[in-house]
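To start, the structure under review is shown below, and the notes come after it.
The values are calculated or read from the model by the stated rules, or taken from the named source; none is laboratory data. Keep in mind that this is a model prediction, so the values were computed, not measured. Using ideal geometry, Cβ is built from the backbone for each residue, glycine included, and neighbour counts are taken over all protein chains shown. All accessible areas refer to the heavy atoms of the entire protein, side chains included, with ligands and DNA or RNA removed. Shrake-Rupley method; radii C 1.70, N 1.55, O 1.52, S 1.80 Å.
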Amino acid sequence: MEKAVLEERGVNEINERVSGLRTQLSAHPMYEQLKELEDIRAFMKHHVFAVWDFMSLLKALQAQLTCTTVPWMPNQYPELARFINEIVHGEESDLDADGVPKSHFDMYIDAMEELGADTSEIHAFLDLLREGNSVKEALEILRVPSNVADFVNFTFEVIESGKPHLIASAFTFGREDLIPDMFEAIIREGQDKGSIGPSNKLLYYLKRHIEIDGDEHGPLSLKMISMLCGDDEEKWQEAEAIAVAALEHRVSLWNGLLNEKN
């Protein structure tokens, strides 16, 4: 089978396999619970861990697909290197609503503080990592809810595999290709219920991600999967399994947040 045909088929098969999970996420009842400011605060307290671990997923791709060591060496995938470096630039040093350079994680923390959400847990988690604890250890020490801990631990299991096509699959189907629909739902419900105002920092963060991930990153992420899996059917099967698992963990995360609220 020609490589181009296999690549197109591979992406289409993954999209078909995860379509049910994507529909489940886009219509998840958790969004309907974002009625009051307190609901948003509770959501952000735990969702911030998914905002944080995304950066490690991205940095793992940067380590795999660009040269981050000295001496520098030419890269096998210059097109992917450019793509990943552009995402890192945007995620790690974007401009906030005031035009100040900040990572999207720091923008999210700013939004939490503006809305009065509890940031003590995520800051304690980062402090434990700085002290040398592993991600899993830090989550256990803080007794982070199991659905949140499982989500983050899955991300790091994929990273620790050291396989670019698996990391790229979690990144593409579990994050970049998914975020616009999810965040649109959060904005829609939050604004309808009055919990997200027209000018707050959370709204800026959500809209910024929709703009970037929907218009730019999403399509290029699919191309990245195609380039990394190529004509290797085993890699396509592995990428599909990771895509499904990533979305299942997102469903579990949302289920946990919904159950906590109820």
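Below is a table of values for the structure above.
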read-out	value
Interchain or long-range residues, amide H under 5 Å from N75's placed H	none
Residue-wise HN-Hα coupling along the range 69-86, computed from phi with Karplus coefficients 6.51, -1.76, 1.60 (Hz; x: Gly, Pro)	10, 10, x, 5, 10, x, 9, 6, 10, x, 5, 6, 4, 4, 4, 5, 5, 5
Protein accessible area in the range 15-121, 1.4 Å probe - carbon and sulfur %	52 percent
Cα→Cβ-extended label distance, 7 Å offset, between D231 and E113, nm	5.4 nm
Linear extension gain, S120 paired with A241, 0.36 nm per residue minus alpha-carbon span	40.1 nm
Whole-Hz ³J(HN,Hα) from phi, Karplus 6.51 cos²θ - 1.76 cosθ + 1.60, for the range 92-105, glycine and proline x	8, 8, 6, 9, 7, 4, 9, x, 9, x, 7, 6, 5, 4
Global geometry of the range 78-169, whether rounded, prolate or oblate, following the gyration tensor of its Cα atoms and the 1.5 cut on a/c	oblate
Under 5 Å, built H, 5+ apart or other chain: amide partners of K102	D94, L95, D96
Inter-site label distance for R17 and E79 at 7 Å from Cα along Cβ, in nm	2.3 nm
Solvent exposure of the range 46-152 as accessible area per residue, Å², 1.4 Å probe	49 Å²
³J(HN,Hα) computed for each position of the range 51-63 - Karplus, 6.51 cos²θ - 1.76 cosθ + 1.60, integer Hz, glycine/proline x	5, 5, 6, 4, 5, 5, 4, 5, 5, 5, 5, 4, 5
Convex hull projection area averaged over all views, the range 10-61, Cα basis, nm²	5.0 nm²
